[in-house]
Amino acid sequence: MEHDQNLACEDLSWQLKAISNTVKNVAETCEGDVIAILAVLRHLEQLHREIRDGVFQENLPNNRQRLYSLLRNIESEGGWPYIARMRIQALLVNLSESASDQGTLPSQADDVFQTSE
């Protein structure tokens, strides 16, 4: 039984690596096209939502022992899976740094970064 579980874990690990490689390859083919890269990120977020709201919720534990085991796994393996969104402020900081490197700050960014007195 333990041997079967080890094989299943190895197979899952292999499948996850294959998925990761595929997604990275797709993102690399989009290099230079920020809209296409954004589409990849949106697709991943939607896939995350579908899995979480579908098969994950359908398989949540139905007794205390399994729930405790799940919670211990979440705690020990790095927490709840989450896809963080980049904040607009981070984009503006990147814009500001890019413009500073070029020696000019676009007028729209000037308005955003002005502080009220």
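Open to solvent by 100 Å² or more (accessible area, probe 1.4 Å), part of a helix (DSSP H, G or I) and free of Cβ contacts under 8 Å to residues at least 12 places away in the same chain: does that describe residue 49?
On the way: open to solvent by 100 Å² or more (accessible area, probe 1.4 Å): no; part of a helix (DSSP H, G or I): yes; free of Cβ contacts under 8 Å to residues at least 12 places away in the same chain: yes.
Here the answer is no, as residue 49 does not meet what is asked.
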_Residue satisfying condition, being in contact with a Cys (Cβ under 9 Å, 6 or more places away or on another chain) and in a helix (DSSP H, G or I), within set 37, 19_ = 37
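The values are calculated or read from the model by the stated rules, or taken from the named source; none is laboratory data. Note that the structure is a prediction, hence the values are computed from the model and not measured. For neighbour counting, all protein chains shown are included, and Cβ atoms are generated from backbone atoms with ideal geometry for every residue, glycine included. These area figures cover heavy atoms from the full protein model, side chains too; ligands, DNA and RNA do not enter into them. Shrake-Rupley method; radii C 1.70, N 1.55, O 1.52, S 1.80 Å.
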